[in-house]
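Contents: one structure, followed by commentary.
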Amino acid sequence: MYHLGWFLGNGFGIQTWDGILDTPFSGTNLTDWTKPDLYVDMTSSLERAGFDYILIEDTAMIEDTHSGTAEATLRRGLFAPKNDPVPLVPLMAQRSKHIGIIPTCSTIQYPPYLAARLYTGLDHLTEGRVGMNIVTSVTDRVAQNFGYEQHLEHDERYVLAAEWSEVVTRLWESWEPDAVVADPVRNYYADHTKVHTIDFKGKYFSCRGPLNTIPGPQRRLPIAAAGNSPAGRDFAARYADTMLVISTDAAEMRKFRTDMHRRLRDYGRRPEDFKMLFIATPFVGRTDADAEERLAAAQAARWGDLAIEYSLWYMTYVSGGRIDFGQYELDKPVSDLMIAGGNGERVSMSNMFNNRGDMTLREIAATRFSVANLGLVGSPETVAAKMDELMEEVGGDGFLFYLPTTRLQIAEIADGLAPALQRRGSIRKGYDHKTLRENLLAF
Ligand SMILES: Cc1cc2nc3c(=O)[nH]c(=O)nc-3n(C[C@H](O)[C@H](O)[C@H](O)COP(=O)(O)O)c2cc1C
């Protein structure tokens with residue numbers, strides 16, 4: 001069996017609508033995105049489908065580096081407006097019993113003490129179903145909202161993130177497991193000899209501790225990480241329990257998995273305690289032909305002017321806001337000069353621009369800027385069989401679906417693909433455990 005996750009790729013913001021993707025199935029999301037309904041609905045659907053978790057993206061900025069203006073950002077609602085994902089968590093948890101919820105927490109947006117305390121509170125409220133997606137934030141515009149002139153250089157961000165995570169995890173351990181006695185007969189709440197300061201002093205953070213709340217059901221929350229560069233992998237091997245992996249084919253996936261297992265062993269960890277979910281955009285149709293037709297239509301739509309503008313905007317974001325892809329002529333070949341100086345998502349950038357020959361910027365935007373479907377195109381049975389084949393070749397641990405979040409799209413997965421996978425015994429039919437960590441490590 002393997003694991004499934006759903007990436008809510010635009011966080012607690014406007015989900016897909018006609019202005020972003022040409023879809024007539026986004027309902028009233030354009031005006032209702034601030035309400036909890038869609039998120040609550042998706043939680044019950046994906047729980048029915050046996051998903052391990054929903055991962056909620058977050059960024060805190062209004063991007064205005066693309067073409068030097070916030071015009072496209074605000075006209076189309078690209079990554080803004082957006083609410084903090086944390087308040088959604090108890091609402092999603094209240095209407096579900098098993099599925100995990102992993103909101104994103106940026107190491108430059110939250111001080112570590114506040115993050116440790118906030119997420120422990122969520123662990124209590126969800127009875128052990130929350131995780132923390134630790135990110136370093138990608139662009140200067142986020143950094144500038146939190147006291148930086150520019151974002152730190154790529155690898156230095158991971159130095160900061162490691163310190164941040166050290167503080168958070170030490171705070172989670174600052175109460176010994178039997179520190180709370182809670183004995184009303186003796187009028188005795190907690191044993192002060194079992195609650196410890198952490199006395200952390202680092203380059204970026206210092207924190208005395210202990211945490212001023214008791215450990216949640218999971219004590220140390222499951223941590224997710226998404227950075228795929230060498231520094232990002234190393235960070236994940238040290239601190240994370242699950243990782244989101246960008247890849248294009250089985251050979252790459254396998255190589256990545258082997259590399260991560262080596263890094264985990266170097267940190268004295270067991271590879272089986274770490275779950276890599278490979279990001280995929282499956283196209284599921286009524287029949288194979290239906291799915292192929294839809295994929296072809298989606299690919300053709302990417303050459304439209306609105307789609308090209310969207311991809312270029314996103315490419316500017318992914319470069320860390322350092323390369324303005326809005327300023328170049330679209331039909332000229334991309335030059336090395338044009339793409340030098342990025343400081344954002346390294347792996348996404350190299351996937352877009354490596355081995356590009358004399359492709360133009362328009363061609364890159366229309367064909368390279370996308371998440372791989374990994375060949376998962378067809379009827380539910382066909383896609384389920386292909387997923388099994390991939391997992392057989394790669395060795396595990398599962399997939400993270402990065403799809404437009406509409407009720408129709410979720411139903412195709414939860415009520416089409418997932419039952420096909422369940423019939424094959426590839427994913428769980430129900431949950432054996434109470435907490436996110438236990439379910440994640442169950443197989
Ligand atoms: C699936 C996925 C989800 C991500 N979610 C977020 C997010 O919510 N917020 C954010 O600031 N960065 C997010 N990132 C960016 C990563 O955390 C990381 O900073 C980025 O990939 C650059 O790291 P790298 O160069 O090591 O790959 C995400 C990346 C991926 C691939």
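Put simply, the amide H of C105, placed in the peptide plane, has neighbours under 5 Å in N133, I134, V135, leaving out anything fewer than 5 places away on its chain.
Lys-Lys pairs in the chain that are eight or more residues apart or on separate chains and whose Cα atoms lie under 16 Å of each other come to 4. With Cα atoms as the point set, the stretch 123-221 shows a radius of gyration and Dmax of 17.2, 56 Å. Solvent-accessible surface of the stretch 290-367, averaged per residue with a 1.4 angstrom probe and all protein chains in place: 49 square angstrom. Against the chain, whose longest principal axis comes from its Cα atoms, helix 288-301 is set at around 80 degrees.
Once the Cα atoms are used to define both axes, helix 380-394 deviates from the longest principal axis of the chain by about 70 degrees. Which value in Å does the Kirkwood hydrodynamic radius of the chain take, with 1/r averaged over all unlike C-alpha pairs and then inverted? Computed over the chain, the radius equals 22.7 Å.
For an R0 of 51 angstrom, estimate the FRET efficiency from the Cβ-Cβ distance between Q299 and D178 and round to the nearest 0.05. Efficiency, rounded to the nearest 0.05: 0.30. Estimated from the Cβ-Cβ distance and a Förster radius of 41 angstrom, the FRET efficiency linking T197 and F146 is about 0.95.
Using a probe of 1.4 Å on the protein chains alone, the accessible area found for T193 is around 80 Å². Calculate the dipole size of the chain relative to its Cα centre from +1 charges on Lys and Arg beta carbons and -1 charges on Asp and Glu beta carbons; express the result in debye to the nearest 20. That gives the chain a dipole magnitude of about 1080 debye. Among the protein heavy atoms of the stretch 290-367, carbon and sulfur supply 51% of the accessible surface, probe 1.4 Å, non-protein parts ignored. Close amide H contacts of T16 (hydrogens built in the peptide plane, cut-off under 5 Å, sequence separation of 5 or more or a different chain): T405.
Taking Cα pairs under 8 Å and at least six residues apart, what relative contact order does the chain come out at, in percent? Let's see the in-between values first.
Numbers: 830 pairs, mean separation 97.1, N = 443.
After rounding, I find 22 percent.
Annotation for the stretch 221-293 versus the stretch 1-65: alpha-carbon center distance of 21 Å.
Please give the peptides 1-13, 239-251 ranked by average Cβ packing (other Cβ atoms within 10 Å per residue), highest first, as a rough proxy for protection.
On the way: 1-13: 22.3, 239-251: 20.3.
Output ranking for 1-13, 239-251: 1-13, 239-251.
Of E389, E363, E149, E47, the residue with the largest accessible area leads and the full order is E149, E389, E363, E47 (1.4 Å probe).
Each principal axis of the Cα atoms in the stretch 79-142 has its own extent, and those three values, largest first, are 38, 26, 14 angstrom.
The accessible area of H192, taken with all protein chains in place and a 1.4 Å probe, comes to roughly 150 Å². Under a model in which nothing but the beta-carbon of Lys, Arg (+1) and Asp, Glu (-1) is charged, the stretch 290-367 shows a dipole of about 280 debye around its Cα centre. Of the residues L125, S370, V86, the one whose Cα sits farthest towards the positive end of the charge dipole of the chain is L125 (charges of +1 on Lys and Arg Cβ, -1 on Asp and Glu Cβ, taken about the Cα centre). Against the empirical 2.2 N^0.38 Å (N residues), the stretch 16-78 has a Cα radius of gyration ratio of 1.39.
Remark: accessible surface ordering of E252, E392 (largest first) is E392, E252, probe radius 1.4 Å.
Dividing the Cα radius of gyration of the stretch 1-127 by its Kirkwood radius returns 0.99 for Rg/Rh.
Take the stretch 290-367, drop everything but the C-alpha atoms, weight them equally and run the Debye formula without solvent; then report log10 I(q)/I(0) at 0.16, 0.24, 0.25, 0.26 Å⁻¹ to two decimals. Taking Cα atoms of the stretch 290-367 as identical point scatterers yields -0.59, -1.16, -1.23, -1.30. Counting only heavy atoms of the protein chains and using a 1.4 Å probe, D288 has close to 70 Å² of accessible surface. Need the C-alpha centroid separation for the stretch 116-145 versus the stretch 336-370, integer Å. The stretch 116-145 and the stretch 336-370 have Cα centres spaced 30 Å from each other.
Stretched out fully, how many nm does the piece from L91 to R48 gain, at 0.36 nm a residue minus the Cα gap?
Extra length from L91 to R48 when fully extended: 13.8 nm.
If you line up the long axis of helix 230-239 against the longest principal axis of the chain, both from Cα atoms, how many degrees apart are they, to the nearest 10? The answer is roughly 30 degrees.
Residues whose amide H comes within less than 5 Å of that of Y204, counting only those at least five positions distant or on another chain, are absent (H built at 1.01 Å from N in the peptide plane).
All alpha carbon pair distances within the stretch 318-417 were sorted into 5 Å bins beginning at 0; the resulting P(r) in whole percents reads 2, 10, 16, 18, 13, 12, 13, 11, 4, 0.
The values are calculated or read from the model by the stated rules, or taken from the named source; none is laboratory data. Given the structure is predicted, the values throughout are model-derived calculations rather than measurements. Note: ideal-geometry Cβ built from the backbone for every residue, glycine included; neighbour counts use all protein chains shown. Keep in mind that these areas ignore ligands, DNA and RNA; they rest on the heavy atoms of the full protein, side chains included. Shrake-Rupley method; radii C 1.70, N 1.55, O 1.52, S 1.80 Å.
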